[in-house]
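Heads up, the thing below is written out as structure tokens.
The values are calculated or read from the model by the stated rules, or taken from the named source; none is laboratory data. Since the model is a prediction, treat every value here as computed from it, not as a measurement. All Cβ positions, glycine included, derive from the backbone under ideal geometry; neighbour counts span all protein chains shown.
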Amino acid sequence: MRQDWFSDARFGMFVHFGLYSAAARHEWVQSFERLTDADYRQYFEHFDPDLFDARALARTAKETGMGYVVLTTKHHDGFCLWDSTLTDFTSTVAVDRDLVREYVEALRAEGLKVGLYHSLIDWRHPHFTLDWTHPRRDDDDARDLDAGRDMAVYREYLHGQVRELLTEYGDIDYLFFDFTSPDEKDGWPGKGPDDWDAQALLALCRELQPNMLVNDRLGIPADFVTPEQYQPTAPLVRDGSPLVWEACQTLNGSWGYHRDNTDQKSATLLAQMLVDSVSMGGNMLLNIGPDGRGAIVPRDAATLSEIGTWMRLHRDAVIGAGHSSFVPPREGVYTRRGNRLYLSLFFWPMGFVHLPELAGKVAYARLLNDGSWLRTSVSDPGQEADLMTPAGQAEGTLTVHLPVQRPDVLIPVIELTLTD
Ligand code: GLC
């Protein structure tokens, strides 16, 4: 199945890098501040990614426990990180570097799957019609400007660039298109699947890279769905069948480098979001926005390193794992890999954790961080507690005995080996 490697990996890295990284105030800065192409030009003229080190990026992803990486080839500002022959708004023209090539080669060298992000929206192309996202939408002559544009010309450019990316860089494992939003807003239309000729674009992807996964943001169903900056609360299902899904998440609310945004999520919260996603049969794509020089920001490197330390000991609860139909206790979530059930404890209870339905079904229990055996017992519903025995629990409950000291890891995980 096309998505086997993806559902196995569970954890990937998103990388937003471009001219906006130098502006350092959100990747939508051109739209938010209504900057003209001339205003924005300084970030092109002074683009200097001297610390963009694709190998270091790939190594960091691997050390964090991630199985794939997804890089912005072009974001909404239209700037291209590869040697496109269809525009001169590229990193090759700016600094004589094909960053996409550096990136795909580095990923393959580390054995990671290669993902690309490509913006459907393009604020720089002269035939991309104005919509509610466009930086020129509030100009006095916005309507006149729009009237002279022809989306068919842009569409050809879009398809041409996707063709370049899918023919010049070897096998691509994953493509994240972004984004389709047909609804009108603030008196301007949005853009729907017809604007991209989504069917033809998807067919082009299938023709050029038959094994590549494509996300759902062309506005038509493809291989997986993409909740953004929120966590689902149950496995995602459509017409009764489970969906392949991946939640994309930021470290601080911005995708592109945002220097003054200090809304950094803790490593604990992020590890919880990861294991929570896996418990619902999903993936997590965690974003970093390298800075204006292309370096991984120290605060991000520190967060990733904490997650990596946790992943080294707990990867079995994430990689190759998925949803379990057992109902977890209130302290945490289950993930399952074959006959192993993993209980990630989001809070540490005193002395015992009680697992409904599992009496007689567990052959062995241990803490995953240090492999230490955990005593288990079954207490009768009417049983009286004494110093060594917990009070009775509902029929079929398995009680796992815990040390008072919570293991010093982001999230303690109990591994339960099931009897069948
Ligand atoms: C949104 C934003 C964009 C970001 C993307 C990531 O659609 O427009 O800036 O790249 O989400 O999923």
Problem set entry | Residues satisfying the stated conditions in segment 215-231, i.e. among the aliphatic types (A, V, I, L, M) and in contact (Cβ under 8 Å) with a residue 40 or more places away in the chain | L218
Exercise. How do the helices (runs of 4 or more DSSP H) wholly within segment 1-92 filter down when requiring 1 or more residues that are within 16 Å of the ligand (Cβ to nearest atom), closer than 28 Å to T262 by Cβ and in the same structural domain as H258 (by TED's automatic domain parsing): which remain?
Worked result: 19-23, 29-32, 37-45
For this session: Just give me the residues in segment 191-229 being away from the ligand (no atom under 16 Å from the Cβ) and on the phi > 0 side of the Ramachandran plot, in sequence order.
Result: D197
For this session: Looking only at segment 143-160, decide whether some residue is surrounded by fewer than 16 Cβ atoms within 10 Å (Cβ to Cβ), of a type in the set (D, E) and within 16 Å of the ligand (Cβ to nearest atom).
Result: no
Exercise. Before we move on, is L204 over 18 Å from M1 (Cβ atoms), touching a residue at least 40 places away in the same chain (Cβ under 8 Å) and not in a loop (DSSP other than H, G, I, E, B)?
Worked result: yes
Problem set entry | A54 being surrounded by fewer than 24 Cβ atoms within 10 Å (Cβ to Cβ) and either touching a residue at least 12 places away in the same chain (Cβ under 8 Å) or within 20 Å of the chain's Cα centre (by Cα) (or both) | yes
Exercise. Across segment 161-190, which residue is nearest to I121 (Cα to Cα) among those that are in contact with a Pro (Cβ under 9 Å, 6 or more places away or on another chain) and either of a type in the set (A, V, I, L, M) or within 16 Å of the ligand (Cβ to nearest atom) (or both)?
Worked result: T180
Exercise. Are any residues in segment 116-130 within 16 Å of the ligand (Cβ to nearest atom) and farther than 17 Å from D197 by Cα, and if so, which ones?
Worked result: L116, Y117, W123, R124
Exercise. Listed residues G115, G148; which is assigned by TED's automatic domain parsing to the domain that holds M13 and at pLDDT below 95?
Worked result: G148
Exercise. Which of the residues spanning segment 104-143 are assigned to a loop (DSSP other than H, G, I, E, B) and within 26 Å of the chain's Cα centre (by Cα)?
Worked result: E110, G111, L112, L120, I121, D122, W123, W132, T133, H134
Exercise. Do we have P232 as surrounded by fewer than 18 Cβ atoms within 10 Å (Cβ to Cβ) and within 16 Å of the ligand (Cβ to nearest atom) here?
Worked result: yes
Exercise. In this structure, does L358 turn out to be surrounded by 11 or more Cβ atoms within 10 Å (Cβ to Cβ) and within 12 Å of V413 (Cα to Cα)?
Worked result: no
Problem set entry | Residue list for segment 235-256, filter: within 11 Å of the ligand (Cβ to nearest atom) and part of a strand (DSSP E or B) | E246, A247, C248, Q249
